[in-house]
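Colleague: Shown below is the structure under consideration.
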Amino acid sequence: MTRPRRSLFLKYFVTLFVAVVAPLVLGSATEAWFAFRDNRIDLDERLQVEARSAADRIQAFTDGIRDQLGWVVQFPWNEGEDDRHRIDGLRLLQQVPAIVSLSLIDPNGTERVFVSRVSMNRTGRGADMSEDPAVVGARANRVWYGPVHYQRDSEPYMRIAVAGNRAAAGIVVADINLKLIWDIIAAIKIGDTGHALVVDDSGRLIAHPDISLVLRSGAGSADFNRLKSVVSADEGSAVSTTGEDGKPVVALSVRAANVGWTVIAEQPVQEAFESIRAALWRSLMLIAIGIIFASGLAYWRACRMWGPIRQLEDGVERIGMGQLDHRITIQSRDELEQLAIRFNQMAEELAASQHKSERINRLKQFLAPQVAELVEHSDQRLLDGQRREVVAIFGDLRGFTAFTARAQPDAILAVLRQYYEAVGAVTSRHEATLIRFDGDGVMVLVNAPVTCEDPAHRGIRLAIDMQAAVQSLASTWSADGCALGFGVGIAMGPATVGTLGYHGRLDYTAIGNVVNLASRLCGLADDGQILVDPVVTEHVNDSIALTSIGERPIKGYDHDLEVFAVVRMYAPIRHLGHPFHPAHVRPVAAARVRTTLELAATDAG
Amino acid sequence: MACPAAAFAQDSTRVYRIFWLSTQAQPDPFLDGFREGLRARGYIEGKNVALELHYAIGNPQALREVATELRRGKVDLAVSSGPATRAMTAVAEVPVLFALSGDPVELGLVQSLGQPGGNFTGSTFLSLELAGKRVELLKEVFPNLRKLAVLSNANHPGEQSEWRATKEAAEKLGIAPLYVPFAGANELDGALTLVGDAHADALLVFPDVLTMVHRSKIADFAIAHRLPSMFGWSEYCDAGGLLSYGANQRATYFWLATYADRILRGEKPANLPVFQPTRFELIVNLRTAEQLGIDLDKSSILFRANRVIE
């Protein structure tokens, strides 16, 4: 038989484990997913707001310059007013720090006034600028934004040209130092380390919190161009990419429409997903703790379930092997403990029942079955050693030794079997105690261990029935050619009764003169004769016909004893080939019995 | 810009050695600006930064020895102010920060302003361009200006270019410039006597460490000789000069400290663009104008002034 030892344990363990861990993992995963989504939406919004705000401010910066420039092209050019225009220009420089220089151009496209913070001012008719793209652009669209260029290979500049409402007002062209946008961009902080930057259409950097990147005259524009195209591809939502410094960032772009620049708001991935990472970490920790807790709990629960079951299984196995004193200790305060208690009760009862059946079996060896049951079910102390008045009956086949010498073993055993059966049946019928068979001899006890009324009567009737039964058998045996007789001796008196023996070999025995006497009487008895001692005779005189056969010397007795014989109701079958002399011819098989009985008698004396 | 606290985080146990080289004696107004900048970046002198000052008064050649020492010793950074930069051109082992009036590309210190490409970077004041502007401003305030005395420290690098630009502008505006050069502090008095004897209509002083240190003396001299004066930096006006036009010195040196910080953190000077001032200040000292009896209200100068000292 295969023993799936661990399957229950595993089942319990896995079930409990899954029951705890599955909801936990599911819950944490769901929470993490929602947290991630919210974080992502939030990040998008944050970057959008910052980029939009930067774009708006940059637009406000350029629009502000445009509006201020518009102020110097409100009046038409009149001769002799160059100086007034010059003052206007100077005041505009004072007003707008980003303007480094500006040219005022008359309707014909001739530069009339040039004022600058660095270079020397010029007044009066100057160069013809009618073909200048700034002039052409401003004439066409009123406002013209030039491309970004780097002055002295370093500082980003752009030109803005504004035309007046009327062509007569002329055009103003201003050189703008874009370094001043830095103030706008540097002020934008996204989280702790996020920032905004501005690139033009070809990816050249216009503004960055680290101004030194801007001052490199467009070096590294390939990087920024890549960043711009990656981020612009996904308009309006944040993109994870590599930032200008090679670190992973989340970036979002917004276009500043009027100048055609792109504002990119970016935040390092590290920081952008800080909260979600923290949330994930928390979830993982929770799951880990959950798993440890769940496995501990599941292990404990499974052990609590599996341990008692193993104990029970083990117990059943031991009981099965006959170890009935095995007990189970389970203290789970639940059905399992109940089961263990029941198991222990069962084992106890089983042991008691087995013990009882063993005793009954043993009792049945020398007691009639009903007597054995009676003994078993009544007082257990019946078998204890005690002194009491008993009737001892001895029977003995005559001529058995001669028979055994001639007969086949089968025949001998067949004869003995029939003989035992007959004697046994009679003993049972009279509810007497069959002490033992010994070859052709038999010893029966009345009034022990079960007491009865009038033991002498019962004993004498038993003896008579036994003699009759054996005699009827003897008649059949003689028909088969076996000449066997049967003699009985009966005596009554006090004897010590009780169980004697060693280990499992226990016998119920009577010790005393009465046993001795009955045996001697049996020895004296002729075939078909029942010899009775004076005590029994005294008790049964009135109902059984007894006749005295005179005083006989009995071994172990100092004086001769009067012996009585039951008056025969039938004549013994005289078929033995030789005269029967019980006094001289003793059956060999009975010799050992006699020896023990003699010893017993000596002890008793 | 990085936050100041990060400077400590860089390496709290390390003490950075910075050489400060100048051809002028203390008190050194530029050094104060630089120190202020370092403090703002979280550096504390004696704790995580050690400034070693090397002055070679009026003698840039003397600094060459310092340059040799610089190459041998474990110096993290050298900062050279003005003419001292000349002595440093041969140094290639240590990052050098400079603050120049002239053009560092022309001096061969950097490959371009945008990408210096070597161990030099710093700041240029574009004095060359502003030289003409200063003459122009004087002419605007005093349309009758005919003769202009130009006081210049000949030891200053790029001084000749500045003089040429000034001369050109003056001639364009119909002014006769009178060039009064001097070499070193001991020649200053003689130069001033020359200016006083020249009967000029106004005085233009080139911005330079030497004239900066002696700005009060020069300003007082100008007032005593009833000379309207024009200078390069606002500090001259604070000392009594009438006008000044140029970048803010202190701000520039303060800003130079941020470059020092970035270099100490491991950035290469080659990648740090040479900084140019964005804002130019026009300072007018009305008190001096009153002393000289000049009515400035007539010109456009007052509304253009960034600061008026009253």
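Colleague: Listed residues B:LEU138, B:LEU107, B:LEU178, B:LEU145; which is buried (at least 21 other Cβ atoms within 10 Å of the Cβ) and either in contact (Cβ under 8 Å) with a residue 40 or more places away in the chain or farther than 22 Å from B:VAL284 by Cα (or both)?
Modeller: Checking each option against the conditions leaves just B:LEU138.
Colleague: Take the conditions outside any loop (DSSP other than H, G, I, E, B) and surrounded by fewer than 16 Cβ atoms within 10 Å (Cβ to Cβ) and apply them to A:ALA134. Does it pass?
Modeller: Taking the combined requirement at face value, the residue does not satisfy it.
Colleague: Another question, if that's okay. Report yes if some residue within segment A:174-186 is away from chain B (no Cβ under 14 Å) and either buried (at least 21 other Cβ atoms within 10 Å of the Cβ) or under 60 Å from the mean Cα position of the chain (by Cα) (or both); otherwise report no.
Modeller: Yes, segment A:174-186 contains a residue that is away from chain B (no Cβ under 14 Å) and either buried (at least 21 other Cβ atoms within 10 Å of the Cβ) or under 60 Å from the mean Cα position of the chain (by Cα) (or both).
Colleague: With respect to A:SER478, is the statement that it is assigned by TED's automatic domain parsing to the domain that holds A:LEU397, touching a residue at least 12 places away in the same chain (Cβ under 8 Å), surrounded by fewer than 17 Cβ atoms within 10 Å (Cβ to Cβ) and of a type in the set (S, T, N, Q) true?
Modeller: yes
Colleague: Related question: Counting just the residues of segment B:1-56 that are modelled with pLDDT under 80 and aliphatic (A, V, I, L, M), which one comes out surrounded by the most Cβ atoms within 10 Å (Cβ to Cβ)?
Modeller: Result: B:ALA7.
Colleague: Give the residue, chosen from B:PRO207, B:PRO273, B:PRO277, that is at pLDDT below 90 and buried (at least 24 other Cβ atoms within 10 Å of the Cβ).
Modeller: B:PRO207
Colleague: Which condition number does B:THR278 fail, the rest of (1) assigned to a helix (DSSP H, G or I); (2) within 11 Å of chain A (Cβ to nearest Cβ) being met?
Modeller: The failed condition is (1).
Colleague: Now for a different question. Considering only residues that are surrounded by 22 or more Cβ atoms within 10 Å (Cβ to Cβ) and at the interface with chain A (Cβ under 10 Å from one of its Cβ atoms), which ones fall in segment B:249-261?
Modeller: B:TYR259
Colleague: Now a separate question. Can we say B:LEU100 is free of Cβ contacts under 8 Å to residues at least 40 places away in the same chain, touching a strand residue (DSSP E or B) at 6+ places or on another chain (Cβ under 7 Å) and under 21 Å from B:ASN271 (Cα atoms)?
Modeller: Spelling it out, it is not the case that B:LEU100 is free of Cβ contacts under 8 Å to residues at least 40 places away in the same chain, touching a strand residue (DSSP E or B) at 6+ places or on another chain (Cβ under 7 Å) and under 21 Å from B:ASN271 (Cα atoms).
Colleague: Failed condition for A:GLY64, given (1) within 60 Å of the chain's Cα centre (by Cα); (2) loosely packed, with under 15 Cβ neighbours inside 10 Å; (3) within 18 Å of A:ILE181 (Cα to Cα), with all others met?
Modeller: (1) is the only condition that A:GLY64 fails.
Colleague: Within segment B:154-163, work out how many residues are without any contact (Cβ under 8 Å) to a residue 60 or more places away in the chain and outside any helix (DSSP H, G or I).
Modeller: Total satisfying the criteria: 2.
Colleague: Write out, first by first residue and then by second, each pair whose Cβ atoms fall under 7 Å of each other, whose residues are 6+ apart or on separate chains, and whose first residue, in segment A:34-45, is within 10 Å of A:ALA279 (Cα to Cα) while the second is assigned to a helix (DSSP H, G or I).
Modeller: Once the first residue is within 10 Å of A:ALA279 (Cα to Cα) and sits in segment A:34-45, its partners that are assigned to a helix (DSSP H, G or I) give A:ALA35/A:ILE276; A:ALA35/A:ALA279; A:PHE36/A:ILE276.
Colleague: Output the residues belonging to segment A:91-114 that are in contact with a Phe, Trp or Tyr (Cβ under 8 Å, 6 or more places away or on another chain), within 13 Å of chain B (Cβ to nearest Cβ) and under 25 Å from B:LEU173 (Cα atoms).
Modeller: A:ARG91, A:LEU92, A:GLN94, A:VAL100, A:SER101
Colleague: I'm checking my understanding of the structure. Among residues of segment A:216-249 that are away from every other protein chain (no Cβ under 14 Å) and touching a Pro at 6+ places or on another chain (Cβ under 8 Å), which one is modelled with the lowest pLDDT?
Modeller: The extreme case among them is A:GLY243.
Table: residues versus (1) within 14 Å of another protein chain (Cβ to nearest Cβ); (2) farther than 30 Å from B:GLU267 by Cβ.
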| residue | (1), (2) |
| --- | --- |
| B:GLU106 | yes, no |
| B:LEU138 | yes, yes |
| B:VAL141 | yes, yes |
| B:GLN160 | no, yes |
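Colleague: For A:GLY194, work out the one condition from (1) under 60 Å from the mean Cα position of the chain (by Cα); (2) surrounded by fewer than 18 Cβ atoms within 10 Å (Cβ to Cβ) it doesn't fulfil.
Modeller: That leaves (2) as the condition not met.
Colleague: Residue under question is A:ILE206, and the condition is that it be crowded, with 20+ Cβ neighbours inside 10 Å and within 13 Å of chain B (Cβ to nearest Cβ); does it hold?
Modeller: In short, no.
Colleague: Among the residues of segment B:236-248, are any hydroxyl-bearing (Ser, Thr, Tyr), within 21 Å of B:GLU159 (Cβ to Cβ), part of a helix (DSSP H, G or I) and more than 14 Å from chain A (Cβ to nearest Cβ)?
Modeller: yes
Colleague: For segment A:115-129, give me each residue that is more than 12 Å from chain B (Cβ to nearest Cβ) and within 29 Å of B:GLY232 (Cβ to Cβ).
Modeller: Result: A:GLY124, A:GLY126.
The values are calculated or read from the model by the stated rules, or taken from the named source; none is laboratory data. Here the structure is a predicted model, which is why all the values come from computation and not from measurement. FYI the Cβ positions are ideal-geometry reconstructions off the backbone, even for glycines, and counts take in every protein chain you see.
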